[in-house]
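**Student:** Dropping a structure here in structure tokens format, bear with me for questions.
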Amino acid sequence: MKRIIVLMLICLVSAHAGILDSSKVVLPRAGSQSLEFGLSGLLSVGSYMGSTIALKKFSNPLKATRYVLNIQSDGFEYSGLRYEFGYDPTPTDSTIDSTIFDYKTTATRQDYFLSIQWLKYRQPYGHLSLLYGVGPLIGLEHSTRENASDPKSRTTGNLTSTTTLDKDVSTGVYFGLTPVVGVEWFLHRNVSFHAEYYSMIKIGWRQFTDDYAREYYTGDWHENNADLSGVYYSVRGYARGGVSFYFK
């Protein structure tokens with residue numbers, strides 16, 4: 001992603017060399033090809049970021065086919081304190097015991113998909129053209145989430161729960177459609193910038209595993225394993241911006 005930003009900055013800094021000269025702008029024609037680099041998830045708060053590389057080929061000045069490889073990933077980690085309560089039914093002291101736990105949660109997510117998009121362009125207004133299209137996609141996603149907690153303090157010695165561990169793993173494959181709408185600004189015969197909004201409409205199959213373990217004050221362990229799988233359906237939208245380098 002850093003490389004994409006650097007490339008965009010290089011293009012802007014090159015203005016002194018005449019890159020903004022309108023006489024050097026050449027709009028797409030039959031046979032034009034470009035290599036695209038982009039970033040997605042730019043306007044979605046809390047969304048995971050994605051990097052895109054694509055090859056685009058024009059069959060005529062207003063129609064193109066784009067072959068897209070998209071890699072999206074995200075990860076976070078946070079920690080803090082939480083309270084857990086338990087009832088102590090002893091004859092001498094029937095009280096509610098509380099334990100303060102240090103907890104830590106770590107999560108990661110990766111999503112890789114390939115897509116072919118058939119694009120149509122409107123007649124350019126100056127150097128700016130509206131584009132829209134749709135195409136099929138196929139992808140693979142994987143995510144993990146791990147929770148761990150340990151006791152920090154206890155009001156009494158009677159509460160038996162201590163350490164807890166929990167790990168979720170999800171893996172899925174999917175296919176679907178990616179409709180897209182956006183604009184492309186033809187800055188130079190070899191460079192253009194584009195801003196787009198696209199959706200991922202997908203249906204797939206997912207395997208989910210949940211491993212849960214708990215150690216008690218007595219030293220005993222309780223373990224539970226859940227293994228689920230099934231079909232799922234989802235629709236999500238993303239904003240994407242990037243730069244294209246025309247080489248033909």
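**Student:** What single numbered condition from (1) of a type outside the set (Val, Ile, Thr); (2) assigned to a loop (DSSP other than H, G, I, E, B); (3) at pLDDT below 70 fails to hold for residue 15?
**Tutor:** (2) is the only condition that residue 15 fails.
**Student:** OK, next. May I ask you to verify whether residue 95 is at pLDDT below 85 and polar (S, T, N, Q)?
**Tutor:** On the way: at pLDDT below 85: yes; polar (S, T, N, Q): yes.
When the stated conditions are applied, residue 95 passes them.
**Student:** Can I ask one more? Which of (1) assigned to a loop (DSSP other than H, G, I, E, B); (2) closer than 26 Å to residue 105 by Cα; (3) not hydrophobic (A, V, I, L, M, F, W, C) does residue 189 not meet, given it meets every other one?
**Tutor:** It is condition (2) that residue 189 fails.
**Student:** Also, I was wondering about something else. Every residue in segment 116-136 that is on the phi < 0 side of the Ramachandran plot and either of a type in the set (Phe, Trp, Tyr) or free of Cβ contacts under 8 Å to residues at least 24 places away in the same chain (or both), please.
**Tutor:** Selection gives 118, 121, 125, 132.
**Student:** Further, regarding this structure: If I filter segment 160-191 down to residues being over 21 Å from the mean Cα position of the chain (by Cα) and among the aliphatic types (A, V, I, L, M), which single residue comes out as surrounded by the most Cβ atoms within 10 Å (Cβ to Cβ)?
**Tutor:** Of everything passing the filter in segment 160-191, 191 is surrounded by the most Cβ atoms within 10 Å (Cβ to Cβ).
**Student:** Go through (1) surrounded by 12 or more Cβ atoms within 10 Å (Cβ to Cβ); (2) within 29 Å of residue 142 (Cβ to Cβ); (3) out of contact with any Pro (no Cβ under 6 Å at 6 or more places or on another chain) one by one and return the number of the condition residue 199 breaks.
**Tutor:** It fails just one condition, (3).
**Student:** Something else now. Quick check, is residue 34 surrounded by fewer than 20 Cβ atoms within 10 Å (Cβ to Cβ) and either modelled with pLDDT of 90 or more or among the polar types (S, T, N, Q) (or both)?
**Tutor:** no
The values are calculated or read from the model by the stated rules, or taken from the named source; none is laboratory data. Computed from a predicted structure; not experimentally measured. Heads up, the Cβs are rebuilt from the backbone with ideal geometry, glycines too, and the neighbour counts pull from every protein chain shown.
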